[in-house]
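Just below is one structure, and these are the notes that go with it.
The values are calculated or read from the model by the stated rules, or taken from the named source; none is laboratory data. Please read all numbers here as calculations on a predicted model, not as lab measurements. No Cβ is skipped: glycine too gets one built from the backbone with ideal geometry, and neighbour counts run over all protein chains shown. Surface areas here come from the heavy atoms of the whole protein model, side chains and all, with no ligands, DNA or RNA. Shrake-Rupley method; radii C 1.70, N 1.55, O 1.52, S 1.80 Å.
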Amino acid sequence: MPISDQPHDPAAAAHPLDNATWAALSGPHRHLAEVVGMAARYRADVAPFVALADPADPQAWADAAKLIGPGGGFTLAGVFPPPDGWAAREPLPGVQMVATAALQDLEDSEVRRLGPADVPEMLDLVARTRPGPFLPRTVEMGAYYGVRDGGDGGRLVAMAGERIRLPGWTEISAVCTDEGYRGRGLAGRLVRHVATGVRARGATPFLHAAAVNTGAIRLYEALGFTLRRTTLFQGLRVPGTAQAGLG
């Protein structure tokens, strides 16, 4: 959910990735969204991401409170201060990276498209590898691909796919490999395969990673991604009677 980690300046927020989640929820992913005025979120079984059209506008926060509900927890990106009364926990530093010309296309013959029938296996792999949020309908956000042990019919051991999609840009996410299959280059192959499909549509791949995940960042840099900016992922709770923990 990229929002700039610099002080908000609407006149300077010209780059689409500065508020990619809002651009997705108000655009290509509108069918997966719940929207109240200047606040939007993915449906609860799709993704836990919330976005504000303009975090500097008090009305956007008022709309978010209506959308989430009293005591509701969620995650937002950025370092802007929330309004008084909103509980916040320590933010998680992250990075936003974009593909460069150095990222080589790859149509991998061992990679297979994943769909709704594969969701139980995908959820199991995510639970074991913890690449980030992945829910029962996350697969509807874009194209997901996997590698199976022994080919078709084998156990799913690695995957990656498309998450936030906005005009001209698509995020690569859920990059994960079973512990017993690491060191074989599966993650890099999958990222390149997904990126090839993104580029075939005329879009540019981008991705996010926790700043502490230096191994993944090194892999992405080696593949041809470059740092665009740093950001912060902030857990927040709407004032009122608690109904959910911080997201």
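With the requirement that a residue be open to solvent by 50 Å² or more (accessible area, probe 1.4 Å) and touching a residue at least 40 places away in the same chain (Cβ under 8 Å), what does region 195-208 give you?
Once the filter is applied, which keeps residues that are open to solvent by 50 Å² or more (accessible area, probe 1.4 Å) and touching a residue at least 40 places away in the same chain (Cβ under 8 Å), region 195-208 yields only 199.
Yes/no matrix, rows are residues, columns are (1) farther than 22 Å from residue 27 by Cα; (2) open to solvent by 60 Å² or more (accessible area, probe 1.4 Å); (3) in contact (Cβ under 8 Å) with a residue 60 or more places away in the chain:
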{"position": "139", "(1), (2), (3)": "no, no, no"}
{"position": "143", "(1), (2), (3)": "no, no, no"}
{"position": "184", "(1), (2), (3)": "yes, yes, no"}
{"position": "210", "(1), (2), (3)": "yes, no, yes"}
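Give, as residue ranges, the strands (runs of 3 or more DSSP E) completely inside region 29-117 that count at least 2 residues that are open to solvent by 40 Å² or more (accessible area, probe 1.4 Å) and free of Cβ contacts under 8 Å to residues at least 60 places away in the same chain.
Per the criteria, 33-36, 112-114.
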Next item on the list: Filter region 1-28 for residues that are modelled with pLDDT of 95 or more and exposed (fewer than 15 other Cβ atoms within 10 Å of the Cβ) and give the result.
Entry: 27
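Collect the residues in region 230-240 that are in a strand (DSSP E or B) and on the phi > 0 side of the Ramachandran plot, keeping them in residue-number order. First the steps, then the outcome.
The first filter runs over region 230-240 and keeps only residues in a strand (DSSP E or B), leaving 230-237.
Once the filter is applied, which keeps residues that are in a strand (DSSP E or B) and on the phi > 0 side of the Ramachandran plot, region 230-240 yields nothing.
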Item checked: Meets criteria (modelled with pLDDT of 95 or more, surrounded by fewer than 16 Cβ atoms within 10 Å (Cβ to Cβ) and not β-branched (Val, Ile, Thr)) for residue 192 -> no
Check: Of the residues 135, 166, 156, which is within 16 Å of residue 187 (Cα to Cα) and either surrounded by 13 or more Cβ atoms within 10 Å (Cβ to Cβ) or of a type outside the set (Val, Ile, Thr) (or both)?
Finding: 156
Check: Right, residue 128: within 22 Å of residue 96 (Cβ to Cβ), basic (Lys, Arg) and not in a loop (DSSP other than H, G, I, E, B) or not?
Finding: no
Check: Within region 82-115, can you find the residues that are over 28 Å from residue 223 (Cα atoms) and over 22 Å from the mean Cα position of the chain (by Cα)?
Finding: 83, 84, 85, 86, 87
